[in-house]
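Worksheet: the structure to be examined is printed underneath.
The values are calculated or read from the model by the stated rules, or taken from the named source; none is laboratory data. Predicted, not measured: the structure shown is a model, and the values here were computed from it. When we count neighbours, we look across all protein chains shown, and the Cβ atoms used for this are built from the backbone with ideal geometry, even at glycine.
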Amino acid sequence: MLGTIVIPVYNEEDNIPILYQRLVNVMKTLPLDYEIIFVDDGSTDSSLVRIRELSRSDENVYYISFTRNFGHEAASTAGLDAAKGDCIILMDADLQDPPELIPKMIELWRQGYHLVYAKRRRRAGESLFKRISAYAFYRILNLMSDLKFPLDTGDFRLMDKVVVEDFKKCREKNRFVRGLTAWVGYNQVGIEYDRDERYAGRTKYNPLKLLLLSIDVITGFSIVPLRIVTYAGFLITALSLCMTLIVIIQKIFFGLNIPGYALLTSGLFFLGGVQTFFLGILGEYVGRIYREVQKRPLYLIQEQRLKN
């Protein structure tokens with residue numbers, strides 16, 4: 001029986017040796033063979049050099065290297081595409097997700113669960129903004145989507161090979177791996193843990209990237225924004241008709257002098273802002289369609305060493 005650990009990497013040169021050692025210490029205690037697949041997502045530091053060295057010295061370490069930076073979701077996908085294990089563990093390289101949790105995940109997998117996700121109980125070393133935005137993200141997503149996602153989770157998870165095989169069938173360009181693995185279904189369970197502080201380096205997600213990821217996820221798993229546009233259109237039309245009717249009644253039956261310039265100007269600015277916002281929502285969906293019809297590959301591989 002084989003277990004695969006998939007680790008996307010982008011500029012994590014200081015974390016890789018420590019992560020590798022902790023992983024090996026954990027995996028040697030388990031009654032199964034294992035492979036570790038590092039996916040270098042176009043790193044500009046010496047991450048790939050260190051991964052090559054580990055692969056030369058340890059026959060259980062493999063790697064994939066992209067031609068450029070394609071993003072965390074593409075790197076995760078490449079690792080899952082290449083994984084050969086009966087169970088596959090996906091985790092980040094920043095050591096915030098402890099490898100020591102893997103035995104508990106494998107125990108639950110052996111009990112019959114197809115997907116075991118790690119749920120964050122506490123988040124050490126993260127800013128107030130990051131904690132608040134992470135808290136709100138999944139709750140807003142669940143509110144706007146028919147699919148219910150596990151709250152307060154990251155990419156750290158164990159998946160049975162049947163989950164990964166079905167995940168591979170999903171090839172959309174705007175990807176959200178933890179959402180797609182939840183979407184495929186099967187028997188899922190979560191385990192709580194305290195997330196550690198990043199060992200070295202800096203997070204790759206700034207507020208702008210988090211906002212763009214949120215937009216991608218919401219438009220990828222929900223059409224509620226489009227429905228909001230429709231509902232708001234009906235509401236604005238109804239309010240406009242009511243205002244028109246009020247003005248007509250006051251003018252005809254009460255003889256009131258109603259210039260209405262201020263109201264008209266305010267209404268025009270309001271409608272202009274609403275229309276621009278709604279065009280932005282429609283543009284997000286049209287942009288997704290545009291990227292899908294281009295049919296470009298999710299990633300390009302420059303170099304790799306994988307298990308035969």
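A Cβ distance below 7 Å, combined with a sequence gap of six or more or placement on separate chains, defines the contacts here; from the range 69-84, residues that are free of Cβ contacts under 8 Å to residues at least 60 places away in the same chain and at negative phi reach residues that are crowded, with 24+ Cβ neighbours inside 10 Å and not small (G, A, S) in the pairs N69/D41.
Restricting attention to the range 45-88, and to residues there that are β-branched (V, I, T) and within 11 Å of V9 (Cα to Cα), which single residue is surrounded by the most Cβ atoms within 10 Å (Cβ to Cβ)? Of everything passing the filter in the range 45-88, I51 is surrounded by the most Cβ atoms within 10 Å (Cβ to Cβ).
Checking each residue in the range 195-208 for being within 27 Å of P17 (Cβ to Cβ) and either aliphatic (A, V, I, L, M) or at pLDDT 75 or above (or both) picks out only A200.
Looking at (1) surrounded by fewer than 21 Cβ atoms within 10 Å (Cβ to Cβ); (2) in contact (Cβ under 8 Å) with a residue 60 or more places away in the chain; (3) not hydroxyl-bearing (S, T, Y), find the lone condition where Q21 falls short. Condition (2) is where Q21 drops out. The number of residues in the range 82-118 being aliphatic (A, V, I, L, M), touching a Ser or Thr at 6+ places or on another chain (Cβ under 9 Å) and outside any helix (DSSP H, G or I) comes to 7. Among the candidates V61, V39, V9, the residue that is touching a Pro at 6+ places or on another chain (Cβ under 7 Å), under 21 Å from D155 (Cα atoms) and assigned by TED's automatic domain parsing to the domain that holds F176 is uniquely V39. Within the range 155-178, restricting attention to residues that are within 16 Å of G71 (Cα to Cα) and of a type outside the set (D, E, K, R), the residue that is farthest from the chain's Cα centre (by Cα) is N174. In this structure, L151 does not satisfy being at pLDDT 85 or above, of a type in the set (A, V, I, L, M) and closer than 18 Å to W183 by Cβ.
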